[in-house]
Structure formats: C-alpha cells, structure tokens
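The values are calculated or read from the model by the stated rules, or taken from the named source; none is laboratory data. Nothing here was measured: the structure is a model prediction, and the numbers come from that model. Note that we place each Cβ from the backbone using ideal geometry, even for glycine, and neighbour counts take in every protein chain shown. Heads up: the accessible areas ignore ligands, DNA and RNA and are worked out on the full protein's heavy atoms, side chains in. Shrake-Rupley method; radii C 1.70, N 1.55, O 1.52, S 1.80 Å.
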Amino acid sequence: MATKDVIVSKLPLLGDGELVGRAQRGEVEAFADLFDRHRDRVYTIAYAVLGNPSDAVDVVQETFLRAFGKLSRFHKDGAVSAYLYRTARNAAIDVLRSRKGIQTTTLDEADGSPKPIRDPGDNPEQALRRRTNEEALVLAVSRLSEEHRTVLVMHHIEGLSVDAIAKELSVPAGTVKSRLGRAREALRRKLLGTVDLG
C-alpha cells in the first residue's frame, strides 16, 4: 500500500509522454493525472466555443473518453496536449453545429460545473461587472462564424502560433492572419457598448 502511495505522489512530476507510457501499461493513476493536468484547459476551450458550462463539461468528458479509447495509438514522445485541445475544439464545434439556435446559460445556472476564477478582492459590484463581461464575451464569440471562432480559440485559448494554425487547418499563414484580424474586428463590433470597463 505504501509503495502505491509513493508512485501516485510522484506522478505529477512526470511529463505527459511518461504518463502516456504508464497509462498504456495499465496504470490508472497516470491517465487520471493526464486528466487532472489538462481538464481545465480543455474546459476553457469548450466553453469559449460554446458559451454554455453544461455543454462544456460534456465536451470535457467526451474529449477524455476519446483519448482513453485511442490511448494505444499515442506515441510516448507525441504531444498529447495538442490532441486533447484539438479534440475538444472539434467536439465543441460539433455541438454548436447540432444546435438549432445559440443557447447560453449564466454561470449561476450551471450547478456543479467549473466556474471562472474570481479575484477574492472583488467587491460585489466588481464581481457582477466581471461576470457580465465574461458572459458578453462568451456570447459574442459563440456568435462569430465557425472559421473566425476556430482561429480565435486556437490562437488565444490554445496558444497556437499563426504558422501552427495554418498547418493544422491546411491553409496559408496569410489566410490565418486575415481570419484573425476579421474575427477580432467582428468581436470588437459585437462587444461595443456591452462590456463595462468600469
């Protein structure tokens, strides 16, 4: 029992590649650690696309279920994070396509789901302004075209460079720059007058 506890306590020190290798050998703790390490970023990506906490949680579950199903195909030296973030983005876009109309919920309606971190120093007025701004931003992003939403999420949430986005989408880097510029301008227009910079 003590040996198992020692192994579990060391897992967070391992890189993703080593965790993948251990998970492939049947170590449940290794896959659990991958989940713990990447779930917040996967949730952030899904939430940025969908604007709905409940749907974003569903995408997190779907993403890690798919990853577990393909575990044997991962290479120890491969970037599991890139797979997870791409899968989350694509799953979220699939959910969005399946909707008949845009639906959003407020953060308060999402009992039990992760919520954005609040500054403990916020007074109630600041907290309300911050929540209102977050909801306006998420709603505005969800109303962008799919190609604009995709490049915004890839660049600003996943942190991919223009060249990496171009490679993944199989388009020229200039096209990515153009889409990013148009997406930012469309987002600015949608947010004009709705975000309180207080």
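Compute, for E147, the solvent-accessible surface of its heavy atoms (probe 1.4 Å) with the complete set of protein chains present, and express it in square angstrom to the nearest 10.
Only protein atoms counted, so the area is about 80 Å².
Subtracting the Cα-Cα distance from 0.36 nm times the residue separation, let me have the gained length for R184 to D163 in nm, one decimal.
Numbers: separation 21, 0.36 × 21 = 7.56 nm, distance 1.80 nm.
Gain on stretching R184 to D163: 5.8 nm.
From largest accessible area down, sort D163, D94; use a 1.4 Å probe on the protein chains.
Largest accessible area first, the residues go D163, D94.
For region 139-190, with all protein chains present and a 1.4 Å probe, just round the carbon and sulfur fraction of the accessible area to a whole percent. Could the numbers behind the result be given before it?
On the way: 1380 of 2690 Å².
Whole-percent figure for carbon plus sulfur exposure: 51.
How much FRET efficiency would the formula 1/(1 + (r/R0)^6) give for R66 and D40, where r is the Cβ-Cβ distance and R0 is 25 Å, rounded to 0.05?
It comes to 0.90.
Leaving ligands, DNA and RNA out of it, rank D40, D58 by accessible area with a 1.4 Å probe, largest first.
Reading off the accessible areas and sorting them downward yields D40, D58.
Calculate the spin-label point distance for L191 paired with E18, positioning each point 7 Å from the Cα along the beta-carbon direction, and give it in nanometres.
4.0 nm
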